[in-house]
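Enquirer: Structure provided below as structure tokens; questions to follow.
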Amino acid sequence: MTTTTTMSTNPSATCRFNECPHPAQPGTFKCHFHRHRAMCLSPGCTNQVYARNLCTRHGGKRQCAFEGCQQHARVREFCSRHGTGQVKKLCVHDGCTKLANARQRCVRHGGGRQCRISGCGTHARSGGYCRRHSKYTSSTSSPSSPAKSTSSSSSTVSESDEVMLLEPLDMDMELLDMNWMDDGSNWIDSVDGGAKSECFDLDCAQELLGSLEELIV
């Protein structure tokens with residue numbers, strides 16, 4: 001296959017490569033940029049050659065070997081999507097287009113592991129358990145330590161003792177020995193030469209009793 005090209009004798013002629021705006025050099029149809037580049041041999045194509053005298057559109061790049069893929073081959077015989085390492089196979093279940101995970105099946109059709117708990121049909125996520133049962137097993141497998149329980153009990157005792165100290169004393173005033181008032185009045189009488197002090201009346205006794213209650217509390 002050959003293409004017929006004409007040399008440019010018009011100084012205002014432009015390069016014949018696809019959408020190139022540069023002027024063609026005298027005596028050729030190429031500009032300064034395309035002077036060492038070949039044109040695609042496909043009839044009517046003005047693209048630059050990529051390989052095998054063809055552009056990428058007309059076979060200059062190989063097509064991906066994956067069935068139904070129209071992309072160009074980049075990694076060996078496959079495109080960048082289907083050529084990452086070994087080409088993964090699809091699920092063998094009828095009508096499924098997902099990639100196989102294990103045992104030639106996707107997760108939905110049996111390619112994933114199930115939860116270890118008997119009767120649970122959920123897929124395993126962590127440590128062989130699903131999300132719901134992994135939380136349950138982690139909570140049951142870590143019992144509280146004796147040191148922790150001892151410290152909690154001691155803290156409870158200390159809190160109860162503190163409450164007892166803060167509570168006011170409930171005392172029966174009738175059980176108090178009030179004879180000290182008589183002794184005090186006798187002592188005052190002796191100091192005043194036998195004359196009973198006028199300040200030691202009922203009001204004064206109540207004030208002293210209130211002071212005693214404050215000291216006891």
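Enquirer: Only residues in region 38-56 that are among the aliphatic types (A, V, I, L, M) count as the first member; pair them with residues that are outside any loop (DSSP other than H, G, I, E, B), Cβ under 9 angstrom, at least 6 apart or cross-chain, and list the lot.
Expert: If the second residue must be outside any loop (DSSP other than H, G, I, E, B), the pairs left are A38/Q48; M39/Q48; L41/L54; V49/M39.
Enquirer: If you don't mind, there's one more thing I want to ask. Out of G27, G83, report the one residue that is part of a loop (DSSP other than H, G, I, E, B) and at positive phi. Please lay out each step first, then the result.
Expert: On the way: G83 fails: at positive phi.
Result: G27 is the single residue among G27, G83 that is part of a loop (DSSP other than H, G, I, E, B) and at positive phi.
Enquirer: Being charged (D, E, K, R) and at pLDDT below 80 is the filter here; which residues of region 84-93 pass it?
Expert: First pass over region 84-93, keeping only residues charged (D, E, K, R): 88-89.
Within region 84-93, K88 is the sole residue that qualifies.
Enquirer: Something else about it: Filter region 29-83 down to residues that are among the polar types (S, T, N, Q) and at pLDDT below 85, then give me how many there are. Reasoning before the result, please.
Expert: The initial filter retains those residues of region 29-83 that are among the polar types (S, T, N, Q), namely 42, 46-48, 53, 56, 63, 70-71, 80.
Of the ones still in play, those that are also at pLDDT below 85 are 56, 63, 70-71, 80.
Looking only at that region, the number is 5.
The values are calculated or read from the model by the stated rules, or taken from the named source; none is laboratory data. All figures in this text were calculated on a predicted structure; none of them were measured in a lab. Methodologically, a virtual Cβ is constructed for each residue, glycine included, from the backbone with ideal geometry; neighbour enumeration extends over all protein chains shown.
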